[in-house]
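Take a look at the structure below.
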Amino acid sequence: MQKDNSPAQQDKNPTQEYNNLIPQQAGLIKELTWRGMIQDIMPGTEEHLAKGMTTGYIGFDPTADSLHIGSLVPILLLVHLQKAGHKPIALVGGATGMVGDPSGKSEERNLLSEDLLAHNLAGVKKQLEQYLDFDPSRPNAAEMANNYDWFREMSFLTFIRDIGKHITVNYMSAKDSVKKRLEGDNGMSFTEFTYQLVQGYDFYWLYTHKNCSLQMGGSDQWGNITTGTELIRRKSGGTAFAFTCPLITKADGGKFGKTEKGNIWLSAEKTPPFQFYQFWLNATDADAEKWIRIFTFLDQPTIETLITRHREQPEGRHLQKTLAREITSFVHGEEEYKKAVATTEKIFADQSAAAESLTEQDLESMEGVKIDYAAEKLAAGTDIVTFLAETGILPSKGEARKLVQGGGVSINRKKVDSLQLILDKGILLHGKYLMVQKGKRNFYLVRVI
RNA sequence: GGGUAGGUAGCCAAGUGGCCAACGGCAACAGACUGUAAAUCUGUCCUCUUCGGAGUUCGAUGGUUCGAAUCCAUCCCUGCCCA
């Protein structure tokens, strides 16, 4: 158990493994197929890719100023595309973001203000830039695009004459995302109805201006994507291709990427790497088997070996550890990954050990779980409920009280069994730390300053 | 514009004068069991509480009544049908 606990030494350097796995241009579809990353695919796509370097794109909606792990799959598709020798375009939806995608939504969306949109756009763009290779000396250098650039100057009349004329309302209404809303209880505004056309035009624009003949995306985008290929066919007689990846689900049917703390974001500010790492480490066995193929670049034999090993010895959690290692170092870099592991080991490795056995260095080096608390307050003595509420560990006194009553809070690894517990200086570790545990998996290190 | 069905807690959804802080389900959180897993069982799940209660809720505003989520009026919003 202890030996296996340090995944860092368990396998080779992850980036090395990425590199020795460069499928050929034609092999992209095969590669993605065994990974379970293909849901729908347009006939002829594989043959088209085999002909040579193809430019493909995926659109990202700026609904927040950071992408979350739901966007990770599309990002990975682009990375795979580039690894296979094709050219990826990451499109940010400056224009489509203003309209709102009805796909998968049962209700009309609220429009984002323009300021917020601009802010989000900048954040999303910055993140996307991290994951692809934009080096212009590469023949298949990645590119960034913003559909606002071509929609900004377009007039409404131009849109309905030059684009709208090519697609019938019948065609648009037949799309699942539209049909559901037409049949449902909430209706659909004209704005959202036009969304697929707006997105469809993106594809057409990229097709004519950037020679982009492939669109990818989540399977919820299939309807929007095919409107694009249809538009290309009708307006310019060309042929474009597309495939989608399945939406990531959890075995228990819950929403992927959500925890009690909310969304798991890709930005370290919104989700510290430690928590990011923990999210993957906590994957259930069933999920881990699926996810490791999708979220890592490990090759098929490696993954199969891992799965076999895991089935024989599930309590070793090799699968989760490898998954968490690969994806954390991909998103946050190896340094952050190592810190996350170090913190994890200190917190979880030997839980029966007294909190006092942790050295000051151990505590200080814990990343992603620290909270500061004013020394004066503690000097006077604070009751546990107030303390939990003031540190923000629990949102209110009421909730703090309930959780303590339910036995869900520990201080310095000792369960709090009384609401009357008064915290004062005497309880601090090394004179300045307090280890607070909420539930089994949520740790906070309160540092008194 | 006319007709009609609706608007209940994070979501779905009961309730149609007092027994309603509001059945039930989902989601969520915690406890037990475990492998920081799943399944299962238990508890919590509007806010505050000295755990006795207290305060604010059922689209909005007024009204009827000892008493309203439930009745009436007006308004707002949504679906569907007709024009």
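The values are calculated or read from the model by the stated rules, or taken from the named source; none is laboratory data. Small disclaimer: the values here were computed from a predicted structure and weren't measured. Methodologically, a virtual Cβ is constructed for each residue, glycine included, from the backbone with ideal geometry; neighbour enumeration extends over all protein chains shown.
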*Since A:Phe243 meets every condition but one in (1) closer than 16 Å to A:Gly56 by Cα; (2) surrounded by fewer than 24 Cβ atoms within 10 Å (Cβ to Cβ); (3) in contact (Cβ under 8 Å) with a residue 60 or more places away in the chain, which condition does it not meet?*
(2)
_Please verify whether A:Leu394 is away from RNA strand B (no atom under 16 Å from the Cβ), more than 23 Å from A:Thr328 (Cα to Cα) and either of a type in the set (Gly, Ala, Ser) or not assigned by TED's automatic domain parsing to the domain that holds A:Gly316 (or both), treating the condition exactly as stated._
no
*Could you grab me the full set of residues in segment A:24-39 that are assigned to a loop (DSSP other than H, G, I, E, B) and either over 16 Å from A:Pro246 (Cβ atoms) or free of Cβ contacts under 8 Å to residues at least 12 places away in the same chain (or both)?*
A:Gln24
*Examine segment A:400-410 for a residue that is of a type outside the set (D, E, K, R) and more than 12 Å from RNA strand B (Cβ to nearest atom), and state whether such a residue exists.*
no
*When you scan segment A:177-212, how many residues do you find that are within 16 Å of RNA strand B (Cβ to nearest atom), surrounded by 11 or more Cβ atoms within 10 Å (Cβ to Cβ) and either at positive phi or among the charged types (D, E, K, R) (or both)?*
4
*Starting from segment A:118-143, take each residue that is free of Cβ contacts under 8 Å to residues at least 12 places away in the same chain and more than 18 Å from A:Ser329 (Cα to Cα) and list its partners that are surrounded by 14 or more Cβ atoms within 10 Å (Cβ to Cβ) and not polar (S, T, N, Q), counting only C-beta distances under 7 angstrom and pairs at least six apart or across chains.*
A:Phe134/A:Ala141; A:Phe134/A:Ala142; A:Asp135/A:Ala141
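Would a scan of segment A:241-250 turn up a residue that is within 15 Å of RNA strand B (Cβ to nearest atom) and of a type in the set (A, V, I, L, M)?
In the first step, residues of segment A:241-250 are kept if they are within 15 Å of RNA strand B (Cβ to nearest atom); the result is A:248-250.
With of a type in the set (A, V, I, L, M) added as a condition, the list becomes A:248.
So far as segment A:241-250 goes, yes, one or more of its residues are within 15 Å of RNA strand B (Cβ to nearest atom) and of a type in the set (A, V, I, L, M).
Given the condition of a type in the set (Phe, Trp, Tyr) and at pLDDT below 95, answer yes or no: does some residue in segment A:252-261 qualify?
From segment A:252-261, those of a type in the set (Phe, Trp, Tyr) are A:256; that's our starting set.
Keeping just the survivors that are at pLDDT below 95 gives A:256.
Yes - at least one qualifying residue is present in segment A:252-261.
Looking for whichever is of a type outside the set (A, V, I, L, M) and within 11 Å of RNA strand B (Cβ to nearest atom) here; the options are A:Phe256, A:Phe330. Which one fits?
Details: A:Phe330 fails: within 11 Å of RNA strand B (Cβ to nearest atom).
Sole residue among the options that is of a type outside the set (A, V, I, L, M) and within 11 Å of RNA strand B (Cβ to nearest atom): A:Phe256.
Residue-wise test of (1) touching a residue at least 12 places away in the same chain (Cβ under 8 Å); (2) surrounded by 13 or more Cβ atoms within 10 Å (Cβ to Cβ).
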residue	(1), (2)
A:Lys377	yes, yes
A:Asp383	yes, yes
A:Gly398	no, no
A:Gly407	no, no
A:Ser410	yes, yes
A:Arg413	yes, yes
A:Gln420	yes, no
A:His430	yes, yes
_Give me the residue from segment A:264-303 that is within 12 Å of RNA strand B (Cβ to nearest atom), aliphatic (A, V, I, L, M) and more than 17 Å from A:Gly70 (Cβ to Cβ) and, out of that set, modelled with the lowest pLDDT._
A:Ala286
*In segment A:411-426, the residues that are within 11 Å of RNA strand B (Cβ to nearest atom) and over 17 Å from A:Gly439 (Cβ atoms)*: A:Leu419, A:Gln420
